[in-house]
Amino acid sequence: MLKEDRGESKTAVLADIPFNRACSNGNELAYMTDAIERGHIAGDGPYTKRVERLLETELGVDRVLLTTSCTHALEMSALLIGIQPGDEVIVPSFTFVSTVNAFVLRGARPVFVDIRPDTLNMDERLVSDLITDRTRAIFAVHYAGVACEMDEINALAGAKNIPVIEDNAQGLFARYKGRPLGSLGSLAALSFHETKNFTCGEGGALLINDPAYIEGAEIIREKGTNRSRFIRGQVDKYTWVDVGSSYVLSDMLAAFLCAQLEAHERITAHRRDLSERYFEGLASWSDANGATLPYVPEHCEQPYHMFYALMPSEEQRDALIQRLRGYGIQSVFHYLPLHLSGKGEEYGYRRGDLPVTEDVSARLVRLPFHNALDEYQQRYVIDAIVSGK
C-alpha cells in the first residue's frame, strides 16, 4: 500500500507497487471449501465441469478441456495434429517459449515470422512465403489479447489444409469482428497463470473447434486412456489406447477458477477502467516523448490484459524502468526474441532476420496492471512517469 509523506507531492509518495499481484474476487475460498466437503478434489470433478460448460457457452466452442497449464494445452495440440520430426510450424518469435517448445518437443522446426509494428501480432502478409510442403500448423498468438488478422490467416491456412492454432493465453473474452478469440482456429489454448486476467495460480484449457479432435483430446489428457468414456458409462472399463500424459486440472484449482470466471464482467470492467486511465493520463506524455501506447483496431475488442509503452529507444526504455524503480514501482520489459536465443540460433536465425520483432522487444515497457491495482496507486504510477524526474 502507498504511504504518503505529508507535505510532499504525490510523486514523492513512498510506494511498493508490483507489476502483478494475484488476488481473489469473492467466492474462491467458499468454492474450494465446497470442493473439499464434496470429497472430490482431483480432476474432472463438479467445478471442472462447471468451468468447462461456462467457457463452452461463453465462447461458442465445441469442447473445452481444463488442463494443468497453457503449455500442456499446447502440447496436447501438437499430439492431436500429429506433429512428427522434420515438420514445420509457423510462429512469431515475439512470444513465450511454451508456444514453440510444445512442438519442438515432438521434433518440429519453428519457422519464425515477423510481427506487425501496430498490434505486435504476426504479420499475416509474410505468412504465405513461409509455407512449405512441411508446414503442419500456423500459430496465431494474440498479443495482449488483441486479435491477429484471423480472416487472412485462416484463408491462407485453409487453402493449404493447414490447421490454425490460437495461442490465446492473453485474450480470454476478447473478440475479432464480433467473434470470441479461441473460437477461430481448429484448436486454441488458454492460460490461467497468476499473471492473467483470470487465474487459479497455474492452469490452462484446450479449446476444440473441430469435433474430429474431441475424442483424441480426451484420451491424451487422461494419460492415453479412454477413462472419459468410462466415466460417461460408454464402456465398462477403461484401458490404455494411445499416447498421453497427465494433463487434468485439480478440481480444487477449478473451484478457485470458477469464482474468477463467474466474476469476469466485473473484473473486465475494472481492467477497462485501468486501461482508459492509463490512456488518458499518458496521452500528452507519450506525444511529447515520442512514445507509442497500445493500438487496438476498430474490429477488435480487447480483454484489457496489459498496458505497455514503446519508448523511442532501448536506452530510454531502460531509463524509465530504472526511474520507476526509484519510486517503488515495478515495470518490466517483455519477450526477448526467440530467434535470437541460443536455441533459436541453432535453427539458423541471426540478428536482423526479424527487424520489427527485434526493434519492438528492445523498446517495450509494461506498466503495473492487475486486478488489485486501485485508482490511487495507478495515478501515482502515472505521476511518476509524466514527472520525468
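Conditions tested, residue by residue: (1) outside any strand (DSSP E or B); (2) closer than 28 Å to residue 295 by Cα; (3) free of Cβ contacts under 8 Å to residues at least 24 places away in the same chain.
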position	(1), (2), (3)
152	yes, yes, no
155	yes, yes, yes
189	no, yes, no
196	yes, yes, no
200	yes, no, no
213	yes, no, no
218	yes, no, no
235	yes, no, yes
244	yes, no, no
Among the numbered conditions (1) surrounded by fewer than 18 Cβ atoms within 10 Å (Cβ to Cβ); (2) under 16 Å from residue 74 (Cβ atoms), tell me where residue 190 comes up short. (1)
Here the qualifying pairs (Cβ atoms under 7 Å; residues six or more apart or on different chains; first in region 90-112 and over 12 Å from residue 137 (Cα atoms) and assigned by TED's automatic domain parsing to the domain that holds residue 142; second modelled with pLDDT under 95 and of a type in the set (Phe, Trp, Tyr)) come out as 94/335; 95/335; 96/335
Looking for something under 30 Å from residue 105 (Cα atoms), in contact (Cβ under 8 Å) with a residue 60 or more places away in the chain and surrounded by fewer than 19 Cβ atoms within 10 Å (Cβ to Cβ) - is there at least one such residue anywhere in region 313-333? yes
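Select from region 246-272 the residues that are outside any helix (DSSP H, G or I), aliphatic (A, V, I, L, M) and crowded, with 20+ Cβ neighbours inside 10 Å and list them in ascending order. Spell out the reasoning first.
Let us first name the residues in region 246-272 that are outside any helix (DSSP H, G or I), namely 246-250, 263.
Within this subset, residues satisfying the condition of being aliphatic (A, V, I, L, M) are 248-249, 263.
Correct list: 248, 249.
The values are calculated or read from the model by the stated rules, or taken from the named source; none is laboratory data. The shown structure was predicted, so the numbers you read here are calculated from the model rather than taken from an experiment. Backbone-built Cβ (ideal geometry, glycine too); neighbour counts: all protein chains shown.
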